[in-house]
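Heads up, the thing below is written out as structure tokens.
Computed from the coordinates by the stated procedures, all read-outs in this text should not be read as laboratory data. Just so it is clear, the model here is predicted, and its values are computed rather than measured. Cβ atoms come from the backbone with ideal geometry, glycine included; neighbour counts cover every protein chain shown.
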Amino acid sequence: MKVLLSLLLLLPAAGPASAWWLDADHTFGDRGLEKTSASFFLKPAARWVTGLNAGYYKDDGAYPEKIWALRLPAMLNLKKGLITLKPFFYPERGAYDSSAWGAKAGLMLPVTDEGPDGYTHLSLSAAGSRQKTLDLAGDGKNLSAYALEAQIEKNYFDQFFFLAHASGFLADGPAAASLPAPSLDHSDLAFLGAFAHITAGPEWAAGMQFARNMEPDYDSHVYAGFSRISFRSAPQASSAIFGMRLKLWETSSIDLGYNLYKPDGSGSRNRYKLLYQVFFQ
């Protein structure tokens, strides 16, 4: 399972014999939250994974209509590193004609390799996006957002995984939180440790993640994490996640997760995730 923990939580860790696989991801929670996506992943070569993800989110607040997104994730496993690329596109949608597009690129580098005793990995990524939407007066607004992210993961005996992550953001144009319904989920720019969409523009985010493989064959694991997110023009927020990924049969697994998200000065929000994966030869 030599894959960065944040990728392990976002992409399936397919076995070497899996040529392609599918997953269905559904998140729901307070305030009518609904976030659903379906993904197809293809492994055309031993070191290359590419795929297609399509999904939407909605809630009972600013997003009563479904906001759709299309993503094209890809990973290239090098002998000494991992390259990732994820273009994304949000078609024009909703009462405020919001749309967005951009991409995220990353590089994972091994720092140490202790063989069966574990390893240390460093991951660096950069992302950029462009967004168009309307304000309350119906005037068009253009926003740009950029993110730099660093993650370091320590693995012990291929059973214990510890990850520290930090990211910083820059933005041009009006603050996203000051607009009625911008569409971009900033989780596409950097790992924020939250299940629901985050459309307010962050300034920085940092946190820790942990995963533990389980016996008897270590194909299942439990995970937990905590993140702190600071926004450009919204209160800071804390996000804690807990979950379990279980191997059901040789070709399928299920991920059950819970996210407690709390903005400063307001009540906490409960989110739940169900992710089902099936693998094919």
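Brief remarks follow.
- Gaussian network model of the chain, Cα within-10 Å springs - most flexible of 171, 206, 95: 95
- The chymotrypsin sites (Phe, Trp or Tyr not before Pro) of region 193-281 meeting both criteria, a DSSP state outside H, G, I, E and B (loop) and at most 16 other C-beta atoms within 10 angstrom of the site's C-beta, are 218.
- Annotation for region 68-158: GluC sites (Glu not before Pro) lying in DSSP loop with at most 11 further Cβ atoms inside 10 Å of their Cβ are 114.
- Only Cα sites of region 5-280 enter the Debye sum here, all with the same form factor; the resulting log10 I(q)/I(0) across q = 0.10 1/Å is -0.51, listed in q order.
- Average silhouette area of region 137-241, convex hull of alpha-carbon atoms, in square nanometres: 7.3
- Rounded to whole Hz, the Karplus (6.51, -1.76, 1.60) HN-Hα couplings of region 224-231, x for glycine and proline: 7, x, 9, 10, 10, 10, 10, 10
- Cα centroid of region 63-124 to Cα centroid of region 17-49, whole Å: 13
- Under 5 Å from the amide H of residue 183 lie the amide H atoms of 99, each residue being 5 or more positions distant or on a separate chain, with H modelled from the backbone and absent for Pro and chain starts.
- For residue 93, the shell of other residues with beta-carbons less than 11 Å away shows a net charge of -1, using +1 for Lys and Arg and -1 for Asp and Glu.
- Selected from 106, 267, 32 as most flexible by GNM, with the chain as the system and alpha-carbon contacts under 10 Å: 267
- Stokes-Einstein diffusion coefficient of region 184-281, Kirkwood radius over Cα pairs, 4 °C, 1.567 mPa s, in µm²/s: 88
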